[in-house]
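One structure is given below, encoded as structure tokens.
The values are calculated or read from the model by the stated rules, or taken from the named source; none is laboratory data. Because the structure is predicted, anything quoted here is derived from the model rather than measured. Counting neighbours? That spans all protein chains shown, and the Cβs are built from the backbone with ideal geometry, glycine included.
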Amino acid sequence: MACNDAWLEIVSAWHDGEATPDEVARVRAHLDGCAECRLDRSRFRLLGDALRSAERDRRPDRTSPTTMLRPGRGRLIAAALVAAAAVLVVVPRGARDGNRVVVDELEARHLTAFAKAAPCDFESADPAAVHAWIAEQFGQEVEVPTVPGARLLGARSCSLSGATTVSLMYRRGDEPLSLFVSPPKTATAVENARLARGSAGCTVARLGAAVCARQGLFAVSETAGSAMAALEAN
């Protein structure tokens, strides 16, 4: 975690290209003596790399410039990103494999959504209301599970492997939790089937989030226990 919220905001703005020249000069000088903020700067870079890697993987022309996904608000306050990156995820060592592009994109979509002030496109704690919104927006019947110990926040539209899909969003205690519907006939669907066949059903993404799979769904959270709880509730 950055040494304080003010520096975290400036580091975040620098990463998004929104810091003023004065802020850039100040934060560069500050990083020389602050290991915490240097670590957060590295985490922002890793998150950007994960998103750019996913974009490059599905872009037909590999020479085209890559645009990083931007959050909806002006400055990204990345408390959710920092918290998720700082947690030690308990997943068997053998589960640290798989299609890294898909896994890292899932983590990146999860982290950037929860770093926004309003992460959901549709906010509701009522599963029936969220189900109805998804049916209207996507023409899909998606079960909205009640996850033990978790509070439903709502749902949002997102992109995985270049295809539009839906994500359900929860908090389990203080832990952010995303449940993604895997788009059919994509690299995401292939990885879902492969990971779901494994004995653990989980892997660890680049910044340390647990990514677990089951029957066309992915769950992403700080710990494998929360991710598996979401899948088992479905």
**OP:** Scan the stretch 111-141 residue by residue and report those that are assigned to a loop (DSSP other than H, G, I, E, B), within 21 Å of the chain's Cα centre (by Cα) and not hydrophobic (A, V, I, L, M, F, W, C).
**Re:** LYS116, PRO119, ASP121, SER124
Subject >> Top-ranked residue of the stretch 204-216 - restricted to ones that are without any contact (Cβ under 8 Å) to a residue 40 or more places away in the chain and outside any strand (DSSP E or B), ranked as farthest from ALA117 (Cα to Cα) >> reply: GLN215
Subject >> Number of positions in the stretch 209-234 that are of a type in the set (D, E, K, R) and surrounded by fewer than 21 Cβ atoms within 10 Å (Cβ to Cβ) >> reply: 2
Subject >> Top-ranked residue of the stretch 183-228 - restricted to ones that are charged (D, E, K, R) and in contact with an Asp or Glu (Cβ under 7 Å, 6 or more places away or on another chain), ranked as nearest to ARG100 (Cα to Cα) >> reply: ARG206
Original post:
Can you name every residue in the stretch 142-173 that is hydrophobic (A, V, I, L, M, F, W, C), in a loop (DSSP other than H, G, I, E, B) and within 17 Å of PRO184 (Cα to Cα)?
Top reply: VAL142
Subject >> Out of VAL211, VAL220, VAL144, sole residue that is at pLDDT 90 or above, among the aliphatic types (A, V, I, L, M) and over 15 Å from the mean Cα position of the chain (by Cα) >> reply: VAL144
Original post:
What's the number of the condition SER157 fails, among (1) within 14 Å of the chain's Cα centre (by Cα); (2) closer than 21 Å to GLY208 by Cα; (3) surrounded by fewer than 20 Cβ atoms within 10 Å (Cβ to Cβ)?
Top reply: (2)
Subject >> Positions within the stretch 174-203 being farther than 26 Å from GLY154 by Cβ, of a type in the set (Gly, Ala, Ser) and either within 14 Å of the chain's Cα centre (by Cα) or in a helix (DSSP H, G or I) (or both), in sequence order >> reply: ALA187, ALA193
Subject >> Enumeration of residues in the stretch 188-208 that are closer than 25 Å to CYS120 by Cα, surrounded by fewer than 21 Cβ atoms within 10 Å (Cβ to Cβ) and modelled with pLDDT of 90 or more >> reply: ALA189
Original post:
Yes or no: GLU143 in contact (Cβ under 8 Å) with a residue 24 or more places away in the chain and either over 26 Å from GLU9 (Cβ atoms) or surrounded by 15 or more Cβ atoms within 10 Å (Cβ to Cβ) (or both)?
Top reply: yes
